[in-house]
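Asks: Here's a structure for you.
The values are calculated or read from the model by the stated rules, or taken from the named source; none is laboratory data. Model, not experiment: these values are computed from the prediction. Methodologically, a virtual Cβ is constructed for each residue, glycine included, from the backbone with ideal geometry; neighbour enumeration extends over all protein chains shown. Remember, those area values only see protein heavy atoms, side chains included, never the ligands or the DNA or RNA. Shrake-Rupley method; radii C 1.70, N 1.55, O 1.52, S 1.80 Å.
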Amino acid sequence: SEAGGRLESIAATAREALTETRRLLGVLRDDSGQSGRAPQPGLAQLDDLIDKAEQTGTHIRLIREGKVARLPLSTDLAAYRIVQEALTNARRHAPGADVDVELSYREGTLHLRVRDYGTGAPGGELVEGHGLMGMRERAALAGGTMSAGPFEGGGFEVDVALPVEAAQ
């Protein structure tokens with residue numbers, strides 16, 4: 001019946017919305033910290049994050065450009081988590097490859113770029129896994145955008161733009 005078809009369509013939409021909400025809550029839950037009392041990491045802890053990542057044998061070049069702007073706490077956390085996830089992906093998919101992490105502040109925006117110099121996905125096939133999905137959701141929650149994909153000449157790049165508060 002037509003009504004049955006409409007109900008099934010409504011149910012499918014509701015299931016999708018529920019899945020999306022659960023995934024978003026998962027992202028937020030990851031950020032709430034285990035004890036709830038631990039201070040949330042932000043870009044101030046980036047050097048530590050990179051030191052730890054380098055201990056696994058990855059050579060990372062950190063490039064900072066522009067005048068460091070004050071970030072809302074949620075954006076600071078999102079930026080940190082995105083870099084963390086991008087480094088994890090690089091280690092998983094391009095073990096041993098060099099990685100560049102670029103932070104550049106310009107015109108009310110923080111641009112984050114994480115690029116590995118690995119051989120790229122086999123056959124150039126990009127599978128949007130949980131890592132990329134999580135990064136995309138974090139960027140969106142912070143009011144920003146994210147793109148990712150194979151880089152010309154090999155390797156993989158994650159590009160994120162996050163809005164920054166103007167200096168008071």
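Asks: Between Ala140 and Thr88, what is 0.36 nm times their sequence separation minus the Cα-Cα distance? Round to one decimal in nm.
Replies: Stretched fully, the Ala140-Thr88 segment lengthens by 16.7 nm.
Asks: If you don't mind, another one. Rounded to the nearest 10 Å², what accessible area does Val164 have for a 1.4 Å probe in the complete protein model?
Replies: 20
Asks: Another question, if that's okay. Quick check: pseudo-label points 7 Å beyond the Cα along Cα→Cβ at Ile10 and Glu152, how many nm apart are they?
Replies: So the two model labels end up 5.1 nm from each other.
Asks: Compute the label zone of Gln45 within the stretch 75-92: residues whose backbone N is under 18 Å from the point 7 Å along Cα-to-Cβ.
Replies: 75-89
Asks: Moving to a separate point now. Would you calculate the separation in nanometres between label points at Gln55 and Ser104, each defined as 7 Å from the Cα along the Cα-to-beta-carbon direction?
Replies: Modelled inter-label distance: 3.2 nm.
Asks: Tell me, what % of the accessible area of the stretch 45-168 is carbon and sulfur with a 1.4 angstrom probe?
Replies: The nonpolar share, carbon plus sulfur, comes to 51 percent.
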